[in-house]
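Asks: One structure follows; several queries about it will come next.
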Amino acid sequence: MTLQRLLVFAPTRRAASETFVRANLAGLPFEVQAYFGDERPWNQPARLAYGLAVMLSKVCTRLGLLRLAGWPAAMVARGLIARHRPDLVLAEFGFHAVRVMEAAPVMAVPLVVHFRGSDLSAQSKLGVLRGRYRRLMGLAEGLICKSQPMAETLQALGAPADRILISASGANAHLFHSSEPAAAPPVCLSVGRFVAKKGPLHTIRAFAAQPQGQLWMVGEGPLLAEAKALAEQLDLGPRIRFLGVHSQADVAVLMRQVRVFVQHSLVAADGDSEGNPVAVMEAQLSGLPVVATRHAGIPEVVIDGKTGVLVEEGDVRGMAEAIERLLQDPTLCAQFGAAGRCHVEQGFTLEQHLEDLSRFLIQTHAKAERVA
């Protein structure tokens with residue numbers, strides 16, 4: 001029997017940062033039913049039950065009752081599997097997968113887990129759930145991650161290499177295209193949440209250390225107030241603009257108005273790390289040169305000296321020099337941008353990710369059928 005029906009369990013549908021989860025749901029060629037841990041509609045009993053069970057699982061986790069935390073949502077998940085009779089269960093994020101993982105083997109349905117980044121790095125997730133992750137590695141028939149470093153972490157937890165798919169979330173070619181950095185004004189663009197692993201304060205310091213252009217920053221988050229205070233302290237004035245949250249379509253338009261994309265990703269104090277930042281792929285697919293760090297999956301996307309410039313994490317001076325070099329050389333920006341567009345078109349588009357993901361799910365289902 002071929003894979004036709006897919007049941008998805010995910011922590012949230014609403015967060016602006018989870019665009020890739022919504023893209024998967026919209027783009028996969030299966031009949032998809034999805035349940036989200038932050039949805040509790042009173043007029044939909046099944047979704048209400050799942051949301052309440054996930055809330056209870058979170059309480060148990062905070063109390064350190066990790067084994068007990070794996071049962072409330074799993075019990076509801078068993079009922080949902082019986083109701084929808086899926087051919088395969090896909091759990092988004094490792095920390096959410098451990099809440100439902102006990103349901104799949106009991107119901108004899110293959111489980112695939114999609115890891116995204118912080119779920120395999122942050123102390124609050126990997127550090128707390130390491131033991132539960134080891135059990136998850138034995139229960140899951142397939143594991144998806146964003147980069148080679150993430151795959152190595154999965155293998156260290158006990159995952160067989162032949163059960164792992166490395167596939168970046170990918171950039172949407174219908175939105176991100178047609179940037180002309182050589183003709184654009186000397187403006188740098190940064191897109192991402194104002195959180196430690198995105199390095200917004202490092203980006204601001206690097207920009208301030210060189211004398212040219214403007215910096216536009218898209219996003220919000222807990223470090224936004226500190227970022228604005230730093231910009232004032234460095235007397236950046238009109239050279240920096242904080243643009244708030246924008247849709248992907250709006251970001252695509254902004255990328256067609258600037259010369260350089262910048263992102264100083266780094267490992268946060270709590271261990272939180274990127275998987276493979278989608279904004280970096282979107283910038284390169286648009287045709288922009290990228291200044292970023294040698295962090296997580298970024299070197300798989302940005303080829304240093306060919307599609308952009310990579311510096312070490314925390315190297316503010318090196319980033320400042322790279323920004324200044326590119327802002328002074330529109331021709332080099334165009335050269336890097338064209339090479340970056342070709343590189344992403346060859347392996348990092350949303351369409352390619354969905355093809356890889358669909359093929360992997362079909363193969364995993366077929367393998368489980370043969371074993372059964």
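Asks: Which members of region 185-198 meet the condition of being open to solvent by less than 10 Å² (accessible area, probe 1.4 Å) and outside any strand (DSSP E or B)?
Replies: Result: Phe194, single match.
Asks: When Val291 is evaluated against the numbered criteria (1) under 30 Å from Val89 (Cα atoms); (2) in contact with a Gly (Cβ under 7 Å, 6 or more places away or on another chain); (3) not hydroxyl-bearing (Ser, Thr, Tyr), which criterion, by number, is the only one it fails?
Replies: (1)
Asks: Separate question: List pairs: first residue in region 200-223 and without any contact (Cβ under 8 Å) to a residue 60 or more places away in the chain and at negative phi, second residue open to solvent by 20 Å² or more (accessible area, probe 1.4 Å) and of a type in the set (Asp, Glu) anywhere in the structure, Cβ distance under 7 angstrom, at least six positions apart or on different chains.
Replies: Every condition considered, the pairs that remain are Leu201/Glu226.
Asks: Select from region 221-237 the residues that are part of a loop (DSSP other than H, G, I, E, B), buried (at least 16 other Cβ atoms within 10 Å of the Cβ) and within 24 Å of the chain's Cα centre (by Cα) and list them in ascending order.
Replies: If the condition is that a residue be part of a loop (DSSP other than H, G, I, E, B), buried (at least 16 other Cβ atoms within 10 Å of the Cβ) and within 24 Å of the chain's Cα centre (by Cα), then Gly221, Leu223 are the ones that fit.
Asks: Now for a separate question. Can you say whether Leu288 is more than 20 Å from Pro185 (Cβ to Cβ), surrounded by 21 or more Cβ atoms within 10 Å (Cβ to Cβ) and not hydroxyl-bearing (Ser, Thr, Tyr), as far as the supplied structure shows?
Replies: When the stated conditions are applied, Leu288 does not pass them.
Asks: Please go through region 34-77 and give me each residue that is closer than 20 Å to Val8 by Cβ and among the hydroxyl-bearing types (Ser, Thr, Tyr), ordered by number.
Replies: Residues satisfying the conditions are Tyr35, Tyr50, Ser57.
Asks: Next question. Looking only at region 273-285, decide whether some residue is in contact with a strand residue (DSSP E or B) (Cβ under 6 Å, 6 or more places away or on another chain) and either open to solvent by 20 Å² or more (accessible area, probe 1.4 Å) or of a type in the set (Phe, Trp, Tyr) (or both).
Replies: No, the conditions are met nowhere in region 273-285.
Listed here are the residues, each with its yes/no results for (1) among the aliphatic types (A, V, I, L, M); (2) free of Cβ contacts under 8 Å to residues at least 60 places away in the same chain.
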residue	(1), (2)
Ala46	yes, yes
Met55	yes, yes
Thr61	no, no
Ala74	yes, yes
Leu88	yes, no
Phe93	no, no
Val98	yes, yes
Met101	yes, yes
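Asks: Tell me, yes or no, whether region 93-103 has at least one residue that is of a type outside the set (Phe, Trp, Tyr), closer than 23 Å to Glu31 by Cα, out of contact with any helix residue (DSSP H, G or I) (no Cβ under 7 Å at 6 or more places or on another chain) and open to solvent by less than 30 Å² (accessible area, probe 1.4 Å).
Replies: Yes, region 93-103 has at least one match.
Conditions (1) modelled with pLDDT under 95; (2) in contact with a Phe, Trp or Tyr (Cβ under 7 Å, 6 or more places away or on another chain); (3) open to solvent by 60 Å² or more (accessible area, probe 1.4 Å), marked per residue:
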position	(1), (2), (3)
Thr2	yes, no, yes
Gly51	no, no, no
Met55	no, no, yes
Cys60	yes, no, no
Ala69	yes, no, no
Val76	no, yes, no
Leu88	no, no, no
Ala91	no, yes, no
Val113	no, no, no
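Asks: Further question: Can you pull out the residues in region 149-163 that are open to solvent by 30 Å² or more (accessible area, probe 1.4 Å) and either basic (Lys, Arg) or at pLDDT 95 or above (or both)?
Replies: Those that are open to solvent by 30 Å² or more (accessible area, probe 1.4 Å) and either basic (Lys, Arg) or at pLDDT 95 or above (or both): Glu152, Thr153, Gln155, Ala156, Gly158, Pro160, Ala161, Asp162, Arg163.
The values are calculated or read from the model by the stated rules, or taken from the named source; none is laboratory data. Since this is a predicted model, take the numbers as computed values, not measurements. Cβ atoms come from the backbone with ideal geometry, glycine included; neighbour counts cover every protein chain shown. Quick note on the areas: whole protein, heavy atoms, side chains included, nothing else; ligands and nucleic acids left out. Shrake-Rupley method; radii C 1.70, N 1.55, O 1.52, S 1.80 Å.
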